[in-house]
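Please treat every number below as a calculation from the coordinates, not as lab data. Source: prediction; values computed, not measured. Virtual Cβ from ideal backbone geometry, glycine too; neighbours counted across all protein chains shown.
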Amino acid sequence: MIQNQRRLACALLFGICVGATTLASGQSCDPGEALEHTVQISAGGPYVAKAGSPITLRGEYIVAGQTENSDRLKIIGRALQAYAQDHGSYPPAALLNRKGQPTVSWRVLILPYLGEKDLYERFDLTKPWDDPVNLRLLREMPAVYLRSDPFADRTETGFAGVEGVGSLFQNASAQLNGGRKLSGISATERIAAGPVGAAVHLPWTAPGDIDIKNAPRLGSPHGFSGEGCAITPLLFLDGTVYLVPDSVGAGPLIAWTHFLGPNSMNRCPCAPPSSVDAGLHATWDLGKNGTFNTQGWDVTFRALQPGTYTVTLQASDHFGGEYKRSTTVYVR
């Protein structure tokens, strides 16, 4: 059973309080408590090794309701990066036809980079998403865009990008390379996409995303919202997915979604997203001495003498919670 030594905490970082938040229902929800009931960690094993030979110990964790969304966002992030490398820009928010009409969303444009080239080639990019030739493809939404709710409409995307002036998906274009250019982008501090709230009903092929200025609060049913209570995973342009507490204010969110200028390499004038990440960080006790001084989820272990060794993985969250799991290494 996971040992949880959670300490109540509200960290004030760069003016951002990441303690308890208040839900629309008026109930208080603490992100640390939310993690406490949803985190599971594993140290892997049992392992078998030869004396004197190194082996890799592999730890992992899941956050129920968040890990699935995070994994899908990482896939979307890799597709966006691959698209940008091929075209010299990120995809436009929507593709325009010769009449200047928006046809399909960027979610369609990155299909070849999601392993869905055949589906992509069946779209007529000169016609709107709801033209009969394209509308018939609506029910073939790739699994990566699904909501984590198994009962959700399988034609509506569970993920949206950030739209609005100065954002990643700020404009539609008639050109596949008409999106935001690679140059001048501080990728580590710019949000690309996130899971949508329950009140967002957007066909996955249709143009449309989330404008943070109109939905400036994470956890909102009308904006970006993770599963459960108090935490929303967000994809940043460098491919990193951070678990961001819903109590983070509108100021940092707007700063993370808007570029400072057309060619600006300046850093975001706010807390870096890593400073509020609710994801877990790992250390190992490899010597059974109570000292957790080997960092990382995957670490190297080597014993010179045959025997049975107990190693312990400790994961800590941003809010002071600690989770432990031990495993055995048999050295011959």
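Rounded if a/c is under 1.5, else prolate if a/b is larger than b/c, else oblate: which is the range 74-143, with a ≥ b ≥ c the root eigenvalues of its Cα gyration tensor?
Oblate, because a/c is 1.5 or more while a/b does not exceed b/c.
Would you mind getting the Kirkwood hydrodynamic radius of the range 67-275 from its Cα pairs, rounded to one decimal in Å?
When all Cα pairs of the range 67-275 are included, the Kirkwood radius is 16.9 Å.
Is the range 80-201 best put as rounded, prolate or oblate by its Cα gyration tensor, with a ≥ b ≥ c the root eigenvalues, rounded for a/c under 1.5, and otherwise prolate when a/b is larger than b/c, oblate when not?
In terms of gyration-tensor shape, oblate.
Can you work out the FRET efficiency for the pair Asp131 and Ser275, with r the C-beta to C-beta distance and R0 = 45 Å, to the nearest 0.05?
0.50
Using the 10 angstrom Cβ neighbour count as an exposure proxy, how do Arg122, Arg147 rank, fewest first?
Arg122, Arg147
Given Lys74/Lys288; Lys50/Lys74; Lys74/Lys99; Lys74/Lys181; Lys117/Lys181; Lys74/Lys117, which pairs have Cα atoms separated by over 27 Å?
Checking Cα-Cα distances, Lys74/Lys288; Lys50/Lys74; Lys74/Lys99 exceed 27 Å.
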